[in-house]
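Worksheet for the structure shown next.
The values are calculated or read from the model by the stated rules, or taken from the named source; none is laboratory data. Owing to the predicted nature of the structure, the values given are computational and were not obtained by experimental measurement. Cβ atoms come from the backbone with ideal geometry, glycine included; neighbour counts cover every protein chain shown. These area figures cover heavy atoms from the full protein model, side chains too; ligands, DNA and RNA do not enter into them. Shrake-Rupley method; radii C 1.70, N 1.55, O 1.52, S 1.80 Å.
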Amino acid sequence: MDHCSHFHSFGRVVASEFEKGIWIKSLVVGKIQLRHMEFEPGSLIPVHRHPEEVVTMILEGEMKMTVCKETKRVKPGDVFGIPPNTDHSGRVFGDRVVAVSWSPVR
């Protein structure tokens, strides 16, 4: 009998605090890492970079994101890509923000 599972739930994943007010749950499915992120009002994503390409979709709330030198206010349904080794940062205004992102396994 095949014991592998093709179904997963963030409900069973414990969130870890990435930065003050930023909580992340991560799941690895095959070669992809999926992250569920919650940002408290006023939280700040400091400028950082990583070798993986990341695609993020906003589910709730609005925030200002800067990728490379382009800054935009993103809202539910907006998707943005972060190329490998590219500086990016963000700031949450108003209510909390919930987002999901996809990247190769880190």
**Prompt:** Within the range 76-93, how many residues are touching a strand residue (DSSP E or B) at 6+ places or on another chain (Cβ under 6 Å) and more than 19 Å from F18 (Cβ to Cβ)?
**Reply:** 4
**Item:** Close pairs (7 angstrom Cβ cut-off, 6 or more residues apart or separate chains): farther than 18 Å from P41 by Cβ in the range 61-83, assigned to a loop (DSSP other than H, G, I, E, B) and open to solvent by less than 80 Å² (accessible area, probe 1.4 Å) anywhere
**Value:** V67/T86; C68/T86; C68/D87
**Message:** Quick check on my filter: what residues within the range 1-30 are surrounded by fewer than 16 Cβ atoms within 10 Å (Cβ to Cβ) and among the small types (G, A, S)?
**Reply:** S5, S9, G11, A15, S16, G30
**Asked** Which ones in the range 10-33 are of a type in the set (D, E, K, R) and over 19 Å from R91 (Cα atoms)?
**Response** R12, K25, K31
**Request:** Collect the residues in the range 21-42 that are part of a loop (DSSP other than H, G, I, E, B) and touching a strand residue (DSSP E or B) at 6+ places or on another chain (Cβ under 8 Å), keeping them in residue-number order.
**Result:** G21, K31, E40, P41, G42
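Looking at the range 43-60 only, could you name the residues that are assigned to a strand (DSSP E or B) and without any contact (Cβ under 8 Å) to a residue 40 or more places away in the chain?
E60, the sole residue that qualifies.
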**Message:** Restricting to the range 31-52, and then to whatever is among the charged types (D, E, K, R) and under 12 Å from the mean Cα position of the chain (by Cα), can you tell me which residue is least open to solvent (accessible area, probe 1.4 Å)?
**Reply:** R35
**Message:** Could you check the range 59-106 and list, in sequence order, the residues that are β-branched (V, I, T), open to solvent by 50 Å² or more (accessible area, probe 1.4 Å) and at pLDDT 95 or above?
**Reply:** T71, V79
**Complete:** Checked pairs for the range 1-30, first closer than 24 Å to G61 by Cβ, second basic (K, R) and modelled with pLDDT of 90 or more, C-beta under 7 Å and 6 or more apart or across chains, list as F10/K25; V13/K25; A15/K25; I24/R35; K25/R35; S26/R35
**Prompt:** What about T56, is it hydroxyl-bearing (S, T, Y), modelled with pLDDT of 95 or more and open to solvent by 70 Å² or more (accessible area, probe 1.4 Å)?
**Reply:** no
